[in-house]
1. Being of a type in the set (Gly, Ala, Ser), buried (at least 17 other Cβ atoms within 10 Å of the Cβ) and closer than 25 Å to residue B:292 by Cβ narrows it down to one residue among B:87, B:70; which is it?
2. Within the set of pairs 6+ apart or on separate chains, which have a first residue in region A:1-13 that is surrounded by 10 or more Cβ atoms within 10 Å (Cβ to Cβ), a second that is among the basic types (Lys, Arg), and C-beta atoms under 8 Å apart?
3. Please find, within region B:115-138, the residue that is nearest to residue B:320 (Cα to Cα) out of those that are assigned to a loop (DSSP other than H, G, I, E, B) and either touching a residue at least 40 places away in the same chain (Cβ under 8 Å) or not assigned by TED's automatic domain parsing to the domain that holds residue B:82 (or both).
4. What are the pairs with Cβ atoms under 8 angstrom where one residue, in region B:330-341, is touching a residue at least 40 places away in the same chain (Cβ under 8 Å) and within 10 Å of chain A (Cβ to nearest Cβ) and the other, located anywhere, is aliphatic (A, V, I, L, M) and surrounded by fewer than 16 Cβ atoms within 10 Å (Cβ to Cβ)? Sequence gap at least six, or different chains.
5. Being on the phi > 0 side of the Ramachandran plot and within 11 Å of another protein chain (Cβ to nearest Cβ) is the filter; apply it to region B:242-276 and report the residue that is surrounded by the fewest Cβ atoms within 10 Å (Cβ to Cβ).
6. Scanning for something in a helix (DSSP H, G or I) and either aliphatic (A, V, I, L, M) or at pLDDT below 95 (or both), does region B:139-154 turn up at least one residue?
7. Could you please give the count of residues in region B:249-267 that are in a helix (DSSP H, G or I) and free of Cβ contacts under 8 Å to residues at least 12 places away in the same chain?
8. If you check B:47, B:53, B:82, which single one turns out to be touching a helix residue (DSSP H, G or I) at 6+ places or on another chain (Cβ under 8 Å) and either surrounded by fewer than 16 Cβ atoms within 10 Å (Cβ to Cβ) or not assigned by TED's automatic domain parsing to the domain that holds residue B:103 (or both)?
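The values are calculated or read from the model by the stated rules, or taken from the named source; none is laboratory data. In this text, all values refer to a predicted model and were calculated from it rather than measured experimentally. Positions of Cβ are backbone-derived with ideal geometry, glycine not excepted, and every protein chain shown enters the neighbour counts.
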Amino acid sequence: MLNGKKVIAIGERDGVPGPVIAECLEGAGLEVVFQVTECFV
Amino acid sequence: MTKPTKAKQLRLKSFAEIESLCHKGALPLYSDEKLVGCIEAGHAEDVNLSVDVLLENLAAKATAAHALKSLLSALKMDPNDVDYVISCSEEAVGDRYNRGGGNLAKAIAEEVACENASGSDVKAFCAGPLYAMVHGASLVQSGVCNKVAVVAGGSLAKLGMKFESHLKKGMPVLEDVLGSFAVILSPAKIGEPCMRLDSAAFHPVRAGASPQAMAECLAEKPLAKLGMKLTDVDRYAVELHNPEITVPSGSGDVPKTNYLTLAALAVIRGQIRKDQMEDFVRTRGMVGYAPTQGHIPSAIVYLGHALDALRNNEINNALFISKGSLFLGRMTQLSDGCSFLVEKSEK
């Protein structure tokens, strides 16, 4: 169902960082078009 | 104290002169609604010397100098006895040819009349203060310096950082504090609190940025070097942002998240049971209380309280853990961190 979908992954330093989200999503067959980690404090 | 040089004496201008400067582009400074001064750009074209940048840098310098002056006064210490000043403030002093060139430390030393001191800056986003402490303690331990001041001024840019979220929820603007700190590092004395330099840990490039990787690098591994477990630490100082500020703005309870990660690691290693995680957080952690000034809540804010608690035998040790968001500068996707243990010196 998710295969081939394009996603933007925004991670958080004290939670799940962007590259980790991207790796999981790519493993599930999604195309990560942009990923970034933000710090919200 | 040495006498201030002529250049450092206050130069007061009349209100007419201030108003005239404001008309020419100077940034007016108010106390309530009253015009009390202004700040002029350092250069007509260089954005690094624009009024807002200079005001940011000046705020960092002034608040750091205030913290160091207060500390020296409380310790009844002669500023001339300081050998070296390390600034880990969050600013970028410099011109267009050397943006962020820095050495605000020496400017602070001059302001506080530490006439015998030189200095330099340590930059590492919010992790800067703990790196600065490790650098400063290393200078003392190696015999290069006898007394090192580690200081940081406040971040003007972070005042009201999340004010829109607060106002939307009918809350006042809570981020209204410029935080600063100063520490004097000197050779260890028996029975007095000291930094364990052999516990100092950094987050290496290869480590990965997950919270678990951070906890392993900055807590588990350095403690293991000392033959300690996660449960041998009486108090953890982590990112101590005040949740009253961060929860309404959607950033969550940052210290609690950090403590739960440490507790979860202790569960994975079999040091506590899963149903003891809340106890771990309650007894070894604390509620966040620091303003969202970045480098200030990043563990260092607890240092003074830790010294009191150690001297009063309320705790035997405290592990300081800070994190830095290097990725914000777009030069890497890495996070960063630094940690060290503080305990009473036995030798």
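1. Numbers: B:70 fails: buried (at least 17 other Cβ atoms within 10 Å of the Cβ).
B:87 is the lone residue from the list that is of a type in the set (Gly, Ala, Ser), buried (at least 17 other Cβ atoms within 10 Å of the Cβ) and closer than 25 Å to residue B:292 by Cβ.
2. Once the first residue is surrounded by 10 or more Cβ atoms within 10 Å (Cβ to Cβ) and sits in region A:1-13, its partners that are among the basic types (Lys, Arg) give A:13/B:323.
3. Going residue by residue through region B:115-138, those that are assigned to a loop (DSSP other than H, G, I, E, B) are B:115-117, B:122-123, B:125, B:127.
Applying the additional criterion that residues be either touching a residue at least 40 places away in the same chain (Cβ under 8 Å) or not assigned by TED's automatic domain parsing to the domain that holds residue B:82 (or both) yields B:115, B:125, B:127.
Numbers: B:115: 31, B:125: 16, B:127: 11 Å.
By that ranking, first place goes to B:127.
4. Pairs that qualify, where the first residue is touching a residue at least 40 places away in the same chain (Cβ under 8 Å) and within 10 Å of chain A (Cβ to nearest Cβ) and the partner is aliphatic (A, V, I, L, M) and surrounded by fewer than 16 Cβ atoms within 10 Å (Cβ to Cβ), are B:334/B:205.
5. B:250
6. Start the filter on region B:139-154 by keeping residues that are in a helix (DSSP H, G or I), which leaves B:139-141.
Cutting the leftovers down to either aliphatic (A, V, I, L, M) or at pLDDT below 95 (or both) gives us B:139-140.
Scanning region B:139-154, I find at least one residue that is in a helix (DSSP H, G or I) and either aliphatic (A, V, I, L, M) or at pLDDT below 95 (or both), so the answer is yes.
7. To start, the set of residues in region B:249-267 that are in a helix (DSSP H, G or I) comprises B:254-267.
Right, trim to free of Cβ contacts under 8 Å to residues at least 12 places away in the same chain and you get B:267.
Within region B:249-267, residues that are in a helix (DSSP H, G or I) and free of Cβ contacts under 8 Å to residues at least 12 places away in the same chain number 1.
8. Numbers: B:53 fails: either surrounded by fewer than 16 Cβ atoms within 10 Å (Cβ to Cβ) or not assigned by TED's automatic domain parsing to the domain that holds residue B:103 (or both); B:82 fails: either surrounded by fewer than 16 Cβ atoms within 10 Å (Cβ to Cβ) or not assigned by TED's automatic domain parsing to the domain that holds residue B:103 (or both).
Among B:47, B:53, B:82, only B:47 is touching a helix residue (DSSP H, G or I) at 6+ places or on another chain (Cβ under 8 Å) and either surrounded by fewer than 16 Cβ atoms within 10 Å (Cβ to Cβ) or not assigned by TED's automatic domain parsing to the domain that holds residue B:103 (or both).
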